[in-house]
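A short worksheet on the structure shown next.
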Amino acid sequence: MSFVGLKSRIEAGDTVIIYINPHRMHALEVKSKRLNKNSEEIDNVFQTQFGALNVESLIGREFGSKILLPKGWIYVLHPTCEMWTQTLPHRTQIIYTPDISLILFQLDLKPGSVVLEAGTGSGSLTHALARTVYPDGHVHSFDFHENRVSVAEIEFKTHGLSPVVTVRQRDVCRDGYGESMNDVADAVFLDLPLPWEAVPHAVKAIKKNGGRFASFSPCIEQVQKTCTMLRGHGFGDINTLECLQREFSVIQRSLPVLSFDSVGNEEGGQKHESIITALPPLTMPGHTGYLTFATLPPMHSRPLILNIGNSGPD
């Protein structure tokens with residue numbers, strides 16, 4: 001199975017997305033057996049509101065097929081990074097698609113880019129990074145938690161991302177990225193509790209001709225400390241964004257229209273006109289996090305930036 005390529009038919013070992021409705025999707029690995037809560041091997045049967053699905057029966061079916069069940073039907077879809085974000089097993093709090101799209105755009109990533117990610121977590125962003133830099137780029141992902149690294153490594157291999165993703169156990173704030181990562185990155189992304197502590201290590205990792213930086217933080221105090229550290233280490237073009245999704249409702253409304261005669265007097269009787277309009281919701285989804293972006297200029301420009309940033313009133 002590959003999250004960066006497409007194929008037409010389902011094979012054993014593939015990851016598929018079971019689509020019930022836009023708000024109910026499930027990721028399943030196509031195999032004959034699975035382990036229950038007691039670690040006992042049982043037949044791989046998935047229960048839905050429309051009846052039981054024998055997962056092994058999907059082998060040989062085409063992606064996109066409509067699967068009939070006793071009380072209805074479902075669809076079996078080829079996985080994408082966006083659907084994986086909605087269905088993945090949560091090992092940590094994850095970054096969702098609206099923020100991911102902004103991160104990919106602001107980091108100026110493209111096929112062939114090298115990006116360092118600190119805070120692998122559940123691998124939601126890592127999948128999107130891998131698809132973006134494929135086939136010639138690489139994602140170096142770091143996490144301090146041994147078990148999360150082990151699970152993520154297996155997951156990336158199962159999803160066909162191993163050629164473009166390397167995951168390592170490392171405390172980036174304390175130990176940095178390692179000498180092998182010096183001057184290799186086009187971009188650095190941080191999803192850490194103390195991102196400002198990793199900023200000096202990001203400077204070493206970004207290529208001598210410069211690169212981009214991004215950090216995800218839920219609290220504004222984290223953003224303030226990170227921005228201060230970024231300015232002190234030669235970064236410029238520093239800005240912080242918050243991505244809030246707002247869904248408008250399109251409705252038809254009837255509005256009164258005034259009618260006047262030839263001399264400007266209002267005519268009797270009130271007319272109404274029907275129009276189609278869009279209304280915003282009364283409430284909005286809650287805050288997820290702040291995204292801080294910055295640019296590290298080429299090596300020969302950094303001393304100048306540092307001098308400007310450190311200069312103050314006489």
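The values are calculated or read from the model by the stated rules, or taken from the named source; none is laboratory data. Just so it is clear, the model here is predicted, and its values are computed rather than measured. Positions of Cβ are backbone-derived with ideal geometry, glycine not excepted, and every protein chain shown enters the neighbour counts. Side chains are part of the model used for accessible areas, which takes the heavy atoms of the whole protein and leaves out ligands, DNA and RNA. Shrake-Rupley method; radii C 1.70, N 1.55, O 1.52, S 1.80 Å.
Assorted remarks:
- Looking only at the stretch 7-26, and only at residues there that are within 12 Å of His159 (Cα to Cα) and of a type outside the set (S, T, N, Q), the one that is farthest from the chain's Cα centre (by Cα): Gly13
- Flag if Gly112 is open to solvent by less than 40 Å² (accessible area, probe 1.4 Å), within 23 Å of Arg212 (Cα to Cα), touching a strand residue (DSSP E or B) at 6+ places or on another chain (Cβ under 8 Å) and at pLDDT 95 or above: no
- Wholly within the stretch 199-314, helices (runs of 4 or more DSSP H) carrying at least 3 residues that are surrounded by 11 or more Cβ atoms within 10 Å (Cβ to Cβ) and either at pLDDT 80 or above or touching a helix residue (DSSP H, G or I) at 6+ places or on another chain (Cβ under 7 Å) (or both): 199-205, 220-232
- Tallying residues that are open to solvent by less than 10 Å² (accessible area, probe 1.4 Å) and closer than 17 Å to Ala294 by Cβ within the stretch 173-198 yields 7.
- The set of residues in the stretch 27-69 that are part of a strand (DSSP E or B) and touching a residue at least 24 places away in the same chain (Cβ under 8 Å) comprises Ala27, Leu28, Glu29, Phe46, Thr48, Leu53, Glu62.
- Residue list for the stretch 81-104, restricted to those being more than 20 Å from Leu291 (Cβ to Cβ) and either open to solvent by less than 40 Å² (accessible area, probe 1.4 Å) or of a type in the set (Asp, Glu) (or both): Met83, Trp84, Thr87, Leu88
- Residues of the stretch 116-145 that are open to solvent by 20 Å² or more (accessible area, probe 1.4 Å) and farther than 19 Å from Ala198 by Cα: Arg131, Thr132, Tyr134, Pro135, Asp136, His138.
- Tally of residues being of a type in the set (D, E, K, R) and under 15 Å from Gly137 (Cβ atoms) across the stretch 166-207: 2
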